[in-house]
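Here is the structure we will look at, set down as structure tokens.
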Amino acid sequence: MTRELTGSEAAALAEALVPGSVDRTTETACYLKPDRLVETLRALRDDPDANLVHLTNLCGVDYWDHFEVVYHIQSFEKNHLACFKVEAWGRENPEVPSVTPVFHGAWMQECEAYDLFGIRFAGHPNLYRILLWEGYPGWPLRKDFLAMPGGLQPGLGEFAGVARRQEPPVKVIE
Amino acid sequence: MTGIIKSEPFVINIGPQHPSTHGVFRIKATVDGEKVIDAEMVMGYLHRSMEKLAEERTYTQNIPFTDRTDYLSSMSNNLGYCLAVEKLAGIEVPPRGNAIRVIMAELQRLASHCMAIGAFANDTGAWQTPVMWAFREREKILDIFEVTSGARLTCNYMRIGGVAFDLRPEFEPMVRRVLREFPPFIDEMEGLLSGNEIFIARTRGVGVLTPEMATNASLSGPMLRGSGIAWDIRKADPYCGYEQYDFDIPIGYNGDSYDRFIVRLEEMRQSLKIIQQALDGLPGGPFRTEVPLALRPPKGEAYARIESPRGELGYYLVSDEGPSPYRFHIRPPSFINLSALKEMTVGGTVADAIVVLGSIDIVVGEIDR
Amino acid sequence: MTPGIEHFLTVGALLFCLGLAISLSKRNAIGVLMGVELMLNAVNLTLITFSRFAVSPNPIAGHTFVVFILTVAAAEAAVALALAVAVYRNRETIDVDRLNLLRS
Amino acid sequence: MTPFLVSDKWYDIRDLGNLSREILEAADRILPFGVVYVLAALIGFVASFLLFVLPSQLIVGVYGERRIIGRMQSRLGPNRVGPFGLLQPIADAIKLIQKEALTPTRADRAVMYIAPIVFVMPAVLLWAVIPFGENMVIADIPVSLMYFLAVSSLPVIATFMAGWSANNKYSLFGAMRIVSMAISYESPLVLALLGAVVMTGTISLSGMVAWADEFNIWMVFVQPLALVIYFICVSAELNRTPVDIAEAESEIVAGYLTEYSGMKWGLFYGMDIGYALAASGFAATVFLGGWTFFGLEQWVPGWLIFIAKTHLFYFLFIWTRGTLPRLRADQLMAFAWKFLLPLGVFNLLIVSTERMLWSEQDYAKGLIYVFALVNIVLSVALVYAWARFNGYRPEQTPTRPRLVKQAGGYIPVGERS
Amino acid sequence: MEGFGPSFAFWVLAALTLVAAGGVMVSRNLLHAVLFLILTFIGVAGFFVLLSADFIAMAQVIIYVGAIAVLVLFAVLLTPRSGRDNGETRWALPGILLAVCLAAIFLFVVHDTAWNTVDEAPAGLDARALGTALLTTWVVPFEIASVLLTAALVGAIMLTRSPEEEAEDALV
């Protein structure tokens, strides 16, 4: 059974390797400081005790006032899974460092997070909109996507529960 | 042919309309003669923004979406999603439900690997014969799905807390038939392809992934096991009671396309073993825990993963105590398995690139979601 | 009009002169080679014509010559095309006007 | 050979050659000079069309190709149009004629238009020299083997024209591949046939059939290796599936056919079968004794035996097509130069030596059977030895993965889990 | 060479061969020129058949169409698009003039000579006689030709090696 590290366990691992890297912890996750992120993850990957070598999952979450990027990293030999998070504040130009130099497999997932959330990953070798086309208006997975300029696509209004259609013209019965 | 003269490299679009991209997927390959010197992936032709749509629906309503991501293994996708919701809401599944889930997931693995192996053989140029044989066997499994869930491809069978319906009386003989008829088929495929000199020449040493590379590129499933890493979520992080069943993890030697192929073939044998055990020890009792239709899980997050036929299929859910997930993220195995595509194809020929793509076993519905 | 030796020789001569004109006037090295091949063909035609029409104790000699010419033509084509490819690799052109390696 | 029942008269319909010869000879007495050539051409054309092109399209095109392959792939194959689906090719042809034959904007229109025509002509011309029966050969020229080789080198040009003119990158790939294939596979093919020529001492196909009849042995028993080389080379030149890299549909879409549609495509497709049949007929003549069958031809019309042998050989093409994957282009080149060419040279050396011994023994009839036995053994030994010499070790490839019980990290090869 | 058939064949072949050779001269596109060249080769092979040289005709098709033309096509493909035009040099006019003068001389010679000819094709022009001649009377040139072919093979391989391959060989 894979041991899912609690936030404090993960924080202890990270603190032991890179002091001062942990921002805060929750029950399930450990928040890292963005400026120490790459360094910390590299140390955790290379350390034989932590051995967090496999970046399983990387995704963004929109919390209205800030974005979180979630990293699920696991170890094959120790068979444990840790959840790290990084916060990016600001809706205009949220930016977190890219972990692609540490985990090659992150590049596509970071592209996806950039494509759908608009989170910029500093240091990514080739950040482009991987699923949508270049010049797509807005960032679809943001919570305010439908209110964005050009964000409302035909047909999406009904899904959001907001009828944006014109009222049908009243037919005059003679 | 190449290297004789200073030839001008030119870009060749493999896809989106190409017989071997298994859907609308495109590789922009820069080739020098027949040698690939750069490969860039273009995807998103099938993007439906499922993660956004799921945020507008209740937890139960989202199950059909998961069918449509990886349409070749809808049962596994249902299962992964339901596990994530159950983890988030703390719901226990009765033993019969778990056993049915295991049988279904393994049958789905058989069906999906049939497709993967057949299509892979087609990519190496075996003109339709292996894929037809594989389809013949896959039909039997799809028939079982049809009897059980009413649908063949997008089954929508798993429910939060169990499965949708109990098994029908026809189910067991049909599965027994599969158990009886699959081993000869796998042996047949082995005779047709595994020992075939041309097949070996085409796939041995093509698209080699070292274990370090495979780990660092976040690969999973047969891609990882082909490189010699013994990692299977069913063993490492058992769900649905997989710890009760006796099976082995097949792992490859060099991490080339051939190893991925034989790993898939062996996984089918192991799946049959699991189905046999699960069917023999199928417990009675309820098949589902009753959960409210408008489920409101407590505030929090959950990441649950299963071993889908293509690799680690994870669902990351965030709940804000609302009736629909606040964040619904799929970790699609075939999308992430593509992250090493460039490294595997560059340096080989165009024909090798096709073989590598076939050995990854992509499903475009899952890549684009 | 029944074709005799003159007719065949005329065709051979015209073919030869066309080949000559091509090999003298073309800018592309491959074009020049094609002219040379045409000339060789014309010579073959003439030899076979003589072998068929001429009064000779040993008419097969003409055929033998043609076999040798075929051999030489094949060897020549292989080497010439290899040269063209090699020259293109080194000089980025096979324009015979600009192949002035010895001059400059 | 004295026929048992068959007299040499024109009314004996078992040998259609007699009939046509009688007609032509009668016509030559009546008609002015030259008209009889036109008549002969007409008869030849009609006969070849009726006997081969039509049945080949109907029976082989559907039953040989699609039904057998369907059977191999555990499906039915065409069975709807006409009795047993026999009219399927006609339905296909009608469909193809109705379809628009597209030409890309920047294609080389003239060349693209001519290419299918150039492709079809040699397929018909090839049949001119193949003896269907005792007197049933349209043009019994003394160098018919050379003629066959010469004509069969023409479709390469046509496929190249098709691939190059379409101005499509995939087509260009196909053209490039077919040109390099033609260069590589022509020489082992000729070497393999040279063995047969040396043994029989003739380059006439009728002469080869006569040789097989005289010594009561087929060339395939004397030179099994040559037949194998011929089969591989001819598959490569005809783009049959194990080596169909020029139109490899999983790699380069359809190769040189990518931009073709409608009946222009149909001509290529149909004539693929025509070429395969012609190659099979050639192999049946050179290696399988043509229209003779150890005396059976005295009871059964020779052309039936010939057609049976042709289709037997053609079945080999279908079989390989239904079972084998495709090699890569560079592997195919390496195979031709490293494997087939040396084996062809060895085969030629062996055959030449035997021929010398044989001529010293004054062509004793029994000796050829000894040679056959020796050659069968030698061929197997030669292939085995040459493969070993080239570093081929089949037992070094494990075909089953390793099995481990416990999940964990990387397990190096050789380590027990 | 009596009768309608041979003379008809002659005129058709002559027209075909000369028109195709002219096509090689005038076509702008190098690929078209090669295709015309192939047509010329086939026409010449037809002449050989007409002159009862069957073996030579077949050898002509096999070697010229099957090998040399394919090689030329291959070389054309290996040169990039810019190298595929078939234009003339500035020496075109003198070259053509020279060819025309030569043609005039040839034609004069051909038609002003009293050729001592036979009407019937001489016996012994078949492949067997050719082979016997090659391996008895002409055996030394035959061997030299084989050496020449080997030398050409080796030379062509050496010429087209890429710099990397040369570097590899230098290490050995």
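Observations on the model:
- Whole-angstrom gap from region C:60-85 to region B:278-298, using each part's C-alpha centre: 83
- Positive-pole candidate from D:L348, D:V46, D:M176, dipole of chain D, charges at beta carbon: D:M176
- Nearest-20 debye value, region B:188-270 charge dipole, Cβ charges on Lys, Arg, Asp, Glu: 240
- Averaged over residues, the count of other Cβ atoms within 10 Å places the peptides D:407-414, B:358-365 in the sequence B:358-365, D:407-414, highest first.
- Residues B:M41, D:M356 in ascending order of nearby Cβ atoms (within 10 Å, fewest first): D:M356, B:M41.
- Across peptide B:298-310, the average count of Cβ atoms from other chains found within 10 Å of a residue's Cβ is 2.
- Inter-chain Cβ neighbour count for B:127-137, averaged per residue, equals 5 (cutoff 10 Å, partner chain atoms only).
- Under a 5 Å amide H cut-off, with hydrogens placed 1.01 Å from N, A:T25 pairs with A:Y31 among residues at least 5 apart or on other chains.
- Sorting E:116-124, A:19-27, E:54-62, B:145-153 by their mean Cβ neighbour count within 10 Å, with the most densely packed peptide first, gives E:54-62, B:145-153, A:19-27, E:116-124.
- Given +1 at the Cβ of Lys and Arg, -1 at the Cβ of Asp and Glu and no other charges, the dipole of region A:3-159 around its Cα centre is 120 debye to the nearest 20.
- Residue-wise HN-Hα coupling along region E:21-31, computed from phi with Karplus coefficients 6.51, -1.76, 1.60 (Hz; x: Gly, Pro): 5, x, x, 4, 5, 9, 6, 6, 7, 4, 5
- Per-residue mean of foreign Cβ neighbours for D:200-209 is 1 (Cβ atoms of other chains, 10 Å radius).
- Options C:L81, C:I69, C:V43, ranked by Cα towards positive dipole end of region C:5-98, top entry (Cβ charges): C:L81
- Gyration tensor verdict on chain D (Cα atoms; rounded if a/c is under 1.5, prolate if a/b is larger than b/c, oblate otherwise): oblate
- Unit charges at the beta carbon, dipole of region C:5-98: most positive-side option, C:N28, C:F8, C:L18: C:N28
- Packing-based ranking, highest mean first, of D:66-73, A:119-126, A:97-104, D:362-369 given that Cβ atoms within 10 Å are counted: A:97-104, D:66-73, A:119-126, D:362-369
- Sorted ascending by nearby beta carbons within 10 Å, beginning with the fewest, D:K405, B:K35 become D:K405, B:K35.
- Region B:15-30 and region D:232-287: distance between their alpha carbon centers, rounded to Å: 25
- Links that overshoot a 28 Å alpha carbon limit, given the list A:K85/A:K143; A:K85/B:K87; A:K33/A:K143; B:K235/B:K342; D:K309/D:K365: B:K235/B:K342
- Each Lys and Arg adds +1 at its Cβ and each Asp and Glu adds -1 at its Cβ; summed about the Cα centre, chain D shows a dipole of about 1820 debye.
Each value in this text was obtained by applying a stated rule to the coordinates, not by laboratory testing. Note that the coordinates shown come from a computational prediction; the quantities given were computed from them, not determined experimentally. Neighbour counts are summed over all protein chains in view; Cβ atoms, including those assigned to glycine, are modelled from backbone coordinates with ideal geometry.
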